[in-house]
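The values are calculated or read from the model by the stated rules, or taken from the named source; none is laboratory data. This one's a predicted model, so the numbers in the text were calculated from it and none came from an experiment. Don't worry about glycine lacking a Cβ; one is built from the backbone with ideal geometry, like all the others, and counts go over all protein chains shown. When the accessible area is computed, the model is the full protein with side chains, heavy atoms only, and any ligands, DNA or RNA have been set aside. Shrake-Rupley method; radii C 1.70, N 1.55, O 1.52, S 1.80 Å.
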Amino acid sequence: MQYIKTSTDLIHITDHAIRESIALHMQTLAEQYAEPYQASVHGWFVVCEHDADLLQPFAGLTFSLAEKLQSGEVEFVDKKQNWYEVFILLNDNEGILIYVPTSILERHQQLEI
């Protein structure tokens, strides 16, 4: 699981399309709020890389993506060509946008998206 909280974290994302998508989200947030992107203010990103990432609690949090999906506690799910984007709101202004490759999610049919 990769955590992206700064633009320099993007170098660790091997999937070029996901890396570009996150960079665009960061740029959009910076423009929308007329201030540099800050994870603690605007939210942050997670890229799932392995099946186990669905079940592992997020770093510093007490829940996993699977738990939130099963309880219906997600703000939105957006299907892209090769991945899903799942948004979970943490508080009034901070959230996590999670990228889940389609191949990973397809192996876990019990998770409703």
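Here are some notes:
- Part-to-part distance (alpha-carbon centres) for the stretch 32-52 and the stretch 64-113, which is given in Å: 14 Å
- Heavy-atom surface analysis with a 1.4 Å probe gives the stretch 2-112 a carbon and sulfur content of 50 percent of its accessible area.
- For the chain, the solvent-accessible area with a 1.4 angstrom probe is 57 square angstrom per residue.
- Taking amide H positions as modeled 1.01 Å from N, with prolines and chain starts lacking one, the residues under 5 Å from G95 and 5 or more places away or on another chain are G43, W44, L90.
- Percentage of interatomic Cα-Cα distances in the stretch 51-113 larger than 17 Å: 35 percent
- Considering only alpha-carbon pairs that sit under 8 angstrom and 6 or more positions apart, the relative contact order computed for the stretch 2-112 is 24 percent.
- Pairwise FRET efficiency - R107 versus T28, Cβ, R0 = 25 Å, nearest 0.05: 0.20
- Size of charge dipole - the stretch 2-112 - debye, nearest 20, with Cβ of Lys, Arg +1 and Asp, Glu -1, no other charges: 160 debye
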